[in-house]
Amino acid sequence: MSALSPRIRIHKPWRLAAEATALAVAAVVAFPLYWMVLSAFKPAGEIQSTDPRPWTLAPSLDSFRRVFEQQEFGRYFLNSLFVAGAVVLASALIAFLAATAVTRFRFRLRTALLIMFLVAQMVPVEALTIPLFFLMRDFGQLNTLGALILPHIAFSLPFAIWMLRGFVKAVPEALEEAAYIDGASRSRFLWQILFPLVFPGLVATSVFSFISAWNDFLFAKSFIISDTSQSTLPMALLVFFKPDENDWGGIMAASTVMTIPVLVFFVLVQRRLVSGLGGAVKD
């Protein structure tokens, strides 16, 4: 025991320093969220005060009341939910099938296709907004939710396919051969055996797809021009930006409401998310 004591004394300060650094980083990351929620509950006088304080002794729901009193705010919420849900489901399904194809099958230009997936992630979204605008116009999708769903599916697929490729590749080929020997068809192996094994990876990619679609402002501002009934929640925030004075209480309250579905989604998939980010199945 005495021989181990010096080692413990040597490593303990480093461990404490690492834990302190992690707590400091977590505090820095969490502080903007805390300030957002705090400002949402502050009365207008405290928000506009020149002496801001990191607490309030008179919490108020007036900011939330103004948010929910906005015309069609509920419709914007449902639009965002529909867009994010459609993007998650469609991108997960397509990415699963595509990852299986590029992993289990050998065909010409397979390597070039994988490289294209990587290159596609390097192109900034802003550089493609104008070409996408003309494309959506030619397809007659402007002022529709389809103009938001289709681009987000396209931008989510390269990352999802590349990530799921590792999960599919980690499934032993012997397992597939055993399934075929037992009389399973290719579709049965795909959906009843392979799909459950790579499901944690699907959850991990779905989280990124959901956040990207839920928080989108660029496409919503560019493709929803005149029909405000097709707008999403990020566009609803513009109501609180006024020429004379911004309604920061309403902005913070609306931002808090927007954050709740993301937190709920994380809580629902957190276990699968951890295993999905931790790696694929093992032989």
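The values are calculated or read from the model by the stated rules, or taken from the named source; none is laboratory data. Treat the numbers as computed from the prediction; the structure is a model and nothing was measured. Quick reminder, even Gly has a Cβ in these numbers, built from the backbone with ideal geometry, and neighbours come from all protein chains shown.
Quick notes
- Taking helices (runs of 4 or more DSSP H) as the structural unit, those lying wholly within the range 15-126 and holding at least 1 residues that are free of Cβ contacts under 8 Å to residues at least 12 places away in the same chain and surrounded by 10 or more Cβ atoms within 10 Å (Cβ to Cβ) correspond to 62-68, 73-104, 110-122.
- Tally, over the range 203-218, of residues that are under 12 Å from residue 148 (Cβ atoms) and either touching a strand residue (DSSP E or B) at 6+ places or on another chain (Cβ under 6 Å) or among the hydroxyl-bearing types (Ser, Thr, Tyr) (or both): 1
- Restricting the range 16-56 to residues that are aromatic (Phe, Trp, Tyr) and within 24 Å of the chain's Cα centre (by Cα), the residue that is farthest from residue 255 (Cα to Cα): 31
- Scanning the range 200-228 for residues that are surrounded by fewer than 16 Cβ atoms within 10 Å (Cβ to Cβ) and either assigned to a helix (DSSP H, G or I) or of a type in the set (Phe, Trp, Tyr) (or both) yields 208, 211, 217, 218, 221, 228.
- Residue within the range 190-198 that is crowded, with 20+ Cβ neighbours inside 10 Å, of a type outside the set (S, T, N, Q) and touching a residue at least 24 places away in the same chain (Cβ under 8 Å) present: yes
- Within this structure, residue 239 fails the test of being surrounded by fewer than 19 Cβ atoms within 10 Å (Cβ to Cβ), within 19 Å of residue 67 (Cα to Cα), at pLDDT 90 or above and more than 15 Å from the chain's Cα centre (by Cα).
Conditions tested, residue by residue: (1) without any contact (Cβ under 8 Å) to a residue 24 or more places away in the chain; (2) within 26 Å of the chain's Cα centre (by Cα); (3) under 19 Å from residue 92 (Cβ atoms); (4) outside any helix (DSSP H, G or I).
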{"site": "148", "(1), (2), (3), (4)": "no, yes, yes, no"}
{"site": "163", "(1), (2), (3), (4)": "no, yes, yes, no"}
{"site": "175", "(1), (2), (3), (4)": "yes, no, no, no"}
{"site": "187", "(1), (2), (3), (4)": "yes, no, yes, no"}
